[in-house]
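Asker: Here it is, the structure, as structure tokens.
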Amino acid sequence: MAKGGAAMALALLAAAAALLCAVAALPRLEHPAKTDGSLSLLVVGDWGRKGMYNQSRVAEQMGRVGEELDIDFVVSTGDNFYETGLTGVDDHAFEQSFTDIYTAKSLQKPWYLVLGNHDYKGNALAQFSPVLRKIDSRFICMRSFIVNAEIADFFFIDTTPFQLKYWTHPKGNHYDWRGVAPREKYITNLLKDLDEAMKKSTAKWKIAVGHHTMRSVSHHGDTKELLQLLLPILKINGVDFYINGHDHCLEHISSRDR
Ligand SMILES: *[C@@H]1O[C@H](CO)[C@@H](O)[C@H](O)[C@H]1NC(C)=O
């Protein structure tokens, strides 16, 4: 009886929280710049391999460069854990791919992370859990959120739900759409929240971060849903650039029309 009551209360709380999320603006974090107003950061994506695929070697170099640049934080563009995200908050892949890999002193800074499509193939909610932050307080992962770093506002965007094929042709993969489905409503709300937040932003630099490509000449190519739905919002609000992962290569793409 008492147990049932507690479960019911929890369920109600969860429902209330879900409701709040649906109407609230994007979460906003403050990250002060250096005293001289500058900011340094590293960006990494598509990494969680338990040290294999040269992840450990890249981590070592990140440690060196991070120290040279005296970085303020690290940004992850998603695909944090291969192949299928985390199984839950007790998945040791968290330590094996993150805590035990990025051990350099310079990398002991906040990590701001979004999810990639591979993260959605596991328990997507696990990566947002305070349980992980207790294990390693650097890991600050949310769906979509803003980091205000004085000289720059970073808009972290959950891009996986945009890709229609994950919904219509999951090809034997299970995507964890809890808190996301239905797709259209989620995207409409997200774009509205982003537009509002960008309009309010007074930072010198507006930087968007997501997992999927906008444009790319590599394997996955362009993401047409992002070009169609997200790019106009970035343009109209004067976002300076978009940083992404997904295509496992380094590209710098610019356009003449803003
Ligand atoms: C690791 O990097 C080396 C080059 O430094 C490359 O030859 C090798 O194929 C890479 N290993 C994996 C598993 O990607």
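The values are calculated or read from the model by the stated rules, or taken from the named source; none is laboratory data. Keep in mind that what you see is a predicted model, and the values were worked out from it rather than measured. Cβ placement follows ideal geometry from the backbone for every residue including glycine, while neighbour counts extend to all protein chains displayed.
Asker: For the range 144-187, what are the residues that are in a helix (DSSP H, G or I), of a type in the set (Ser, Thr, Tyr) and under 19 Å from residue 114 (Cα atoms)?
Answerer: Residues satisfying the conditions are 160, 166, 186.
Asker: Now, a different point. Would you please list the contacts, defined by Cβ atoms under 9 Å and residues six or more apart or on different chains, that run from a residue in the range 45-62 that is within 12 Å of the ligand (Cβ to nearest atom) and small (Gly, Ala, Ser) to a residue that is modelled with pLDDT of 95 or more and part of a loop (DSSP other than H, G, I, E, B)?
Answerer: Pairs found: 51/100; 51/101; 56/49; 56/101.
Asker: Another question, then. Confirm whether residue 156 is touching a residue at least 24 places away in the same chain (Cβ under 8 Å), surrounded by 21 or more Cβ atoms within 10 Å (Cβ to Cβ) and touching a helix residue (DSSP H, G or I) at 6+ places or on another chain (Cβ under 9 Å).
Answerer: no
Asker: Can I ask one more? With respect to the numbered conditions (1) buried (at least 18 other Cβ atoms within 10 Å of the Cβ); (2) at negative phi; (3) in contact with an Asp or Glu (Cβ under 9 Å, 6 or more places away or on another chain), which one is the sole condition not fulfilled by residue 246?
Answerer: (2)
Asker: Further, regarding this structure: Just to verify a result, which residue in the range 24-44, among those that are charged (D, E, K, R) and touching a residue at least 40 places away in the same chain (Cβ under 8 Å), is surrounded by the most Cβ atoms within 10 Å (Cβ to Cβ)?
Answerer: Among those that are charged (D, E, K, R) and touching a residue at least 40 places away in the same chain (Cβ under 8 Å), it is 28.
Asker: Additional query: Scan the range 68-75 and tell me whether some residue there is surrounded by 15 or more Cβ atoms within 10 Å (Cβ to Cβ), within 16 Å of the ligand (Cβ to nearest atom) and either among the charged types (D, E, K, R) or free of Cβ contacts under 8 Å to residues at least 24 places away in the same chain (or both).
Answerer: No.
Asker: Okay, next question. Considering the range 107-127 alone, what residues qualify as being surrounded by fewer than 18 Cβ atoms within 10 Å (Cβ to Cβ) and part of a helix (DSSP H, G or I)?
Answerer: 125 - this is the single residue of the range 107-127 that is surrounded by fewer than 18 Cβ atoms within 10 Å (Cβ to Cβ) and part of a helix (DSSP H, G or I).
Asker: Kindly establish whether residue 119 is of a type in the set (Asp, Glu) and in contact with a Gly (Cβ under 7 Å, 6 or more places away or on another chain).
Answerer: Numbers: of a type in the set (Asp, Glu): yes; in contact with a Gly (Cβ under 7 Å, 6 or more places away or on another chain): yes.
In short, yes.
Asker: Only one of 171, 200, 206 is crowded, with 17+ Cβ neighbours inside 10 Å and charged (D, E, K, R); which?
Answerer: Working: 171 fails: crowded, with 17+ Cβ neighbours inside 10 Å; 200 fails: crowded, with 17+ Cβ neighbours inside 10 Å.
Residue meeting the stated conditions: 206.
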